[in-house]
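The values are calculated or read from the model by the stated rules, or taken from the named source; none is laboratory data. Model, not experiment: these values are computed from the prediction. So basically every Cβ, Gly included, is an ideal-geometry build from the backbone, and we count neighbours across all protein chains shown. For the accessible areas, the whole protein counts, side chains as well, though only heavy atoms, and no ligand, DNA or RNA atoms are used. Shrake-Rupley method; radii C 1.70, N 1.55, O 1.52, S 1.80 Å.
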Amino acid sequence: MLNGNSDGGVIARALEEEVAVSAPGDRLPSVRELMARHRAGPATVQRAIAALAARGLVEARPGKGTFVSARAAVAAAPDVSWQTVALGPRAIDADALETLIRPPDPGMLVLAAGYLTPDLQPTAALGAAIARAARRPGVWDRTPPEGIAGLRAHFASVIGASAGDVLITPGGQAALSACLRGLAAPGSAVLVEAPTYVGALSTARAIGLRPVPVPVDASGVRPDLLADALASTGARVVYLQPLFGNPHGATLALERRADVLAAVRAAGAFLIEDDAFRELALGPVPPPLFADDMDGHVVHVRSLTKPTAPGLRIAAVVARGPAAARLRAARIVEDLFVSGPLQEAALELVGAPAWRAHLRRLRRVLRERRDVMVPALREHGFALPLIPEGGMSLWVRLEDGEDDRELARRAGAAGVLTSPGREYFAAEPPAPFLRLTYGAEPPERLVEGVRRIAQARA
Ligand SMILES: Cc1ncc(COP(=O)(O)O)c(C=O)c1O
């Protein structure tokens, strides 16, 4: 009996339920009864009673037993209604973003994933990297707020920047948050593509900025409308994904780059360039916009999570001029510095011979999946405005009047996870869309997913 089944927590919870349906002064079961009921020893039962007594729910009267306290009714039902008034209107809305990071229910066909699944992650190389990193002397100590030198040098060399301009952050989302907080004046407008990454929208709104949409077509953001929006809003910050934008998939056309930069320069604005999918390119890609700007307008963000695993929460921000100091300060006040072991592991990973091999395999598998998913969609009558040459999502144009949320709901009921397009727009969507990803399922399951969505649509 002393090695019984219950721990103190289980007994405490059971007692609390009993208290909740008892009146003050009622006597609770004796220690002996509780020992028998829960197959526990006396010390475990006493611990559970003590935990409830500490919260004022019960009183132990020596020699008489344990009784429901007079305060129990109040203590058992805390009144948190004051918080509704104190909190006021909802300032932080992470619902759309959370659907992207929530682990899917087992058995679902996942056509809405922001990250690679474990079969495509460089798991062995990551394991080796973190083991080597953990053995470095002083690895658990503080690190410089801008990041460790080796990792800054790595990002500088792949981005084509100077290592002194690189700031390491715990992932791309934290990088975007620092950029928006650090560069935009409180309450100001920030221009975003329509559609854009939901995480940028949620963060901008959470810090009190006003995301204003600028249309995108198959060649990326429209420079003429960007210039108009900069003029009409007075915005000093533009957030763009010039390469395989999530969710639209478009890459900013070479002939638009100069006009986009000219509009940003003329407005004296910053352009946050989120380059999350460069490593997932299926063919040759243009250089980052950052390479065309010498005067500190473009602030480049490069995350490591997309080509590796969501848990490798490491990204780099590259900025020139006083903006770099502002962003460094924004990061320090946010969470001081990035975990040393994770930075060292990232550095180990990208320097390992397995890294290049991983990227080659990844691109091959992603191409295969895209090339299975696209014809499957077309076969079932889905319209694709463009076929992206990288990234991992497809942007499906539904028919006018079709309800994207209802389709996503019905697909979900048929066991397929998808994202309704409207969540990716800062304002009213111009048409209904569905975002589907091909990074999280093997070819045959992608085809089955498309079939079920088509059936749900019929
Ligand atoms: C375009 C884009 N930027 C940034 C992020 C943030 O990624 P992380 O914080 O994992 O680097 C995501 C994640 O989905 C994304 O799609």
Nearest-ten-degree value, helix 149-159 long axis tilted from longest Cα axis of the chain: 40
Stretch gain in nm, segment Arg37-Arg367, where the contour uses 0.36 nm per residue and the Cα spacing is subtracted: 112.8 nm
Cα-only Debye scattering, segment 243-301: base-10 log of I(q)/I(0) at q = 0.27 Å⁻¹: -1.27
Average accessible area per residue (Å²) across segment 331-458 - probe 1.4 Å, nucleic acids and ligands excluded: 44
Coarse-grained scattering of segment 382-447 at q = 0.17, 0.28, 0.29 Å⁻¹, given as base-10 log I(q)/I(0) from a Debye sum over alpha-carbon atoms: -0.63, -1.38, -1.41
Kirkwood-type radius of segment 111-210, with distances r between different C-alpha atoms, in Å: 16.6
Backbone N within segment 15-56 under 19 Å of label point (7 Å from Ala70 Cα along the Cβ vector): 20, 22-28, 53-56
Accessible area expressed per residue, segment 1-160, with surrounding protein chains retained (probe 1.4 Å, Å²): 62
Gain in span if fully extended, Ala149 to Arg61, counting 0.36 nm per residue against the direct Cα distance: 25.3 nm
Charge-dipole axis of the chain as Lys and Arg at +1 and Asp and Glu at -1 on Cβ define it, positive-most pick from His300, Ala346, Ala189: Ala346
Volume in Å³ per residue [convex hull over Cα atoms, computed for the chain]: 205
About the Cα centre, charge dipole magnitude for segment 26-152 (Lys/Arg +1, Asp/Glu -1 at Cβ), debye: 820
Rounded to 10°, Cα long-axis angle of helix 172-183 versus longest principal axis of the chain: 70
Selection from Ala133, Gly421, Gly150, by position along the positive dipole direction of the chain (Cβ): Ala133
Estimated vicinal HN-Hα couplings, Hz - segment 332-344 in sequence order (Karplus 6.51, -1.76, 1.60; Gly, Pro = x): 4, 5, 6, 8, 6, 6, 8, 3, x, x, 5, 5, 5
Estimated inter-spin distance, Ala325 and Met294, nm [label 7 Å along Cα→Cβ]: 2.3
Label-to-label distance, nm, for residues given as Arg132 and Ser219 (7 Å Cα→Cβ offset): 4.5
Estimated translational D of segment 288-342 in µm²/s (Stokes, Kirkwood radius over Cα pairs; 4 °C; 1.567 mPa s): 102
Relative contact order (%) - criterion: Cα under 8 Å, at least six apart; region: segment 302-398: 16
Rounded tilt (10° steps) of 123-134 against the dominant C-alpha axis of the chain: 70
Equivalent ellipsoid dimensions for segment 218-329 as semi-axes, Å, which come from the Cα gyration tensor, largest first: 23, 19, 12
Mean Cα-pair separation over length for segment 252-363, i.e. relative contact order, pairs under 8 Å, 6 or more apart, %: 23
Taking the chain and dividing mean pair separation by its residue count, relative contact order in percent (alpha carbons under 8 Å, at least six apart): 18
Label-point separation, Glu334 to Ala96 (7 Å along Cα→Cβ), nm: 2.0
Debye intensity ratio I(q)/I(0), log10, segment 324-458, q values 0.09, 0.12, 0.22 Å⁻¹ (C-alpha model): -0.42, -0.66, -1.21
Fraction of alpha-carbon pairs over 17 Å apart in segment 21-113 - percent: 68
Loop trypsin sites (Lys or Arg not before Pro), segment 66-137 (other Cβ atoms within 10 Å of the site Cβ: 13 or fewer; DSSP): Arg90, Arg135
Rounded to whole Hz, the Karplus (6.51, -1.76, 1.60) HN-Hα couplings of segment 296-307, x for glycine and proline: x, 6, 8, 10, 9, 10, 9, 9, 9, 6, 5, x
Principal axis box of segment 345-397, alpha-carbon based, largest edge first, Å: 46, 16, 14
